[in-house]
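Step one of this worksheet: look at the structure below.
The values are calculated or read from the model by the stated rules, or taken from the named source; none is laboratory data. Treat the numbers as computed from the prediction; the structure is a model and nothing was measured. Quick reminder, even Gly has a Cβ in these numbers, built from the backbone with ideal geometry, and neighbours come from all protein chains shown. The accessibility values were calculated without ligands, DNA or RNA, using every heavy atom of the protein model including side chains. Shrake-Rupley method; radii C 1.70, N 1.55, O 1.52, S 1.80 Å.
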Amino acid sequence: MTSLPTLRRLRQALLTTLILGASSLLWAQQTLRVTAIPDESPTELARKAAPLVKYLEQKLGMKVEFTPVSDYAAAVEALANKQVELAWYGGFTFVQANIRSGGKALPLVQREEDEKFRSVFITSDPAIKTLADLKGQNVSFGSASSTSGHLMPRSFLLQAGIDPDRDFKRVAFSGAHDATIAAVAAGKVQAGALNISVWDKFVADRRVDTTKVRVIYTTPAYYDYNWTVHADMPAALREKITAAFLALNPGEAQGKEVLELQRATRFIPTKADNYQGIEKAARSAGLLK
């Protein structure tokens with residue numbers, strides 16, 4: 001005869017199985033909503049997202065929808081409020097999302113390049129050769145919430161004894177990395193800081209005249225971008241998403257297309273601890289209270 005405690009345990013196990021099964025079924029019927037920080041133009045973000053959306057739909061067996069947002073803060077709020085299930089964040093926006101969600105932001109994967117990411121300072125002014133030469137100049141960052149376009153460049157400036165708010169004639173925010181390049185090339189500002197991969201892509205595509213616009217400083221390496229989900233997502237779906245990114249293979253046509261558009265050699269697992277340095281830099285720079 002089965003004892004009463006054993007029956008209780010069996011009932012609890014059955015209830016847990018039913019709940020998990022219902023949760024998985026619900027997610028199987030839902031659309032996976034994906035967003036990304038708008039660190040480039042809307043058309044470029046949509047171009048990069050389309051092949052990835054198609055790939056994830058095939059791997060996950062569910063509809064995947066890319067949902068653009070207006071700014072970095074909106075990307076943070078979208079995940080924290082469960083308006084999207086998967087978000088492409090910079091290191092700083094991940095930290096913000098994790099704080100905003102009460103520690104519920106869970107980074108799954110990052111590009112191999114994001115283990116040692118860098119920013120560059122560019123200029124079109126022949127007289128500017130070093131960071132010290134930026135004093136008294138008009139300088140543009142990207143978005144105020146950008147890791148590679150503001151936080152880390154500001155952090156390295158402060159380490160060099162240069163306070164942008166005190167030492168620059170004017171601090172501008174272009175809103176995106178490609179917009180920073182355009183502002184420098186047009187002479188609207190004397191210099192700008194941005195994501196190194198966007199700069200390298202512009203150079204490779206000959207979208208910037210490197211006889212007129214050049215790099216004067218490349219920062220030390222730091223952790224940056226990742227794909228993040230809300231921790232309330234069922235573990236089975238998190239594992240499928242992670243496996244899909246890790247399975248991207250540059251030796252296959254589809255994998256090659258997705259990886260090239262994501263500017264990645266491959267994706268690797270990541271964890272929240274990798275971004276503690278970003279949070280420390282943000283607090284030191286006064287960008288997190």
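Brief remarks follow.
- Percent of beta bridges antiparallel (DSSP, the range 121-213, rounded to nearest 5): 35
- Computed over the chain, relative contact order equals 25 percent, with contacts defined as Cα pairs under 8 Å that lie 6+ residues apart.
- The Cβ shell under 15 Å around residue 54 holds other residues with a net charge of 0, Lys and Arg each +1, Asp and Glu each -1.
- Residue 82 long-range amide H proximity, modeled H, under 5 Å: none
- Within the chain, the whole DSSP H helices whose Cα atoms reach 18 Å or more along their own axis and whose mean Kyte-Doolittle score is at least -1.0 are 4-29, 42-60.
- A simple spin-label model places pseudo-atoms 7 Å from Cα toward Cβ; at residue 130 and residue 41 they are separated by 3.7 nm.
- Per residue, the chain exposes 48 Å² of accessible surface when a 1.4 Å probe is rolled over the protein heavy atoms with every protein chain present.
- Percent accessible area from carbon and sulfur atoms, the chain, protein chains only, probe 1.4 Å: 54
- For residue 62, no residue 5 or more places off, or on another chain, has a built amide H under 5 Å of its own.
- Summed side-chain charge close to residue 165 - residues other than residue 165 whose Cβ falls under 14 Å, Lys, Arg +1, Asp, Glu -1: +3
- Diffusion coefficient (Stokes-Einstein, Kirkwood radius over C-alpha pairs, 4 °C, 1.567 mPa s) for the chain: 64 µm²/s, rounded to a whole number.
- Rounded if a/c under 1.5, otherwise prolate or oblate - the range 143-289, Cα gyration tensor axes: oblate
- Accessible surface ranking that places the most exposed of 280, 201 first, with a 1.4 angstrom probe: 280, 201
- Per residue, the convex hull spanned by the Cα atoms of the range 106-150 amounts to 114 cubic angstrom.
- Helices in the chain, meaning DSSP H runs of at least 4 residues, each add -39500 (n - 2.57). Divided by all residues, the mean residue ellipticity at 222 nm is -13000 deg cm²/dmol.
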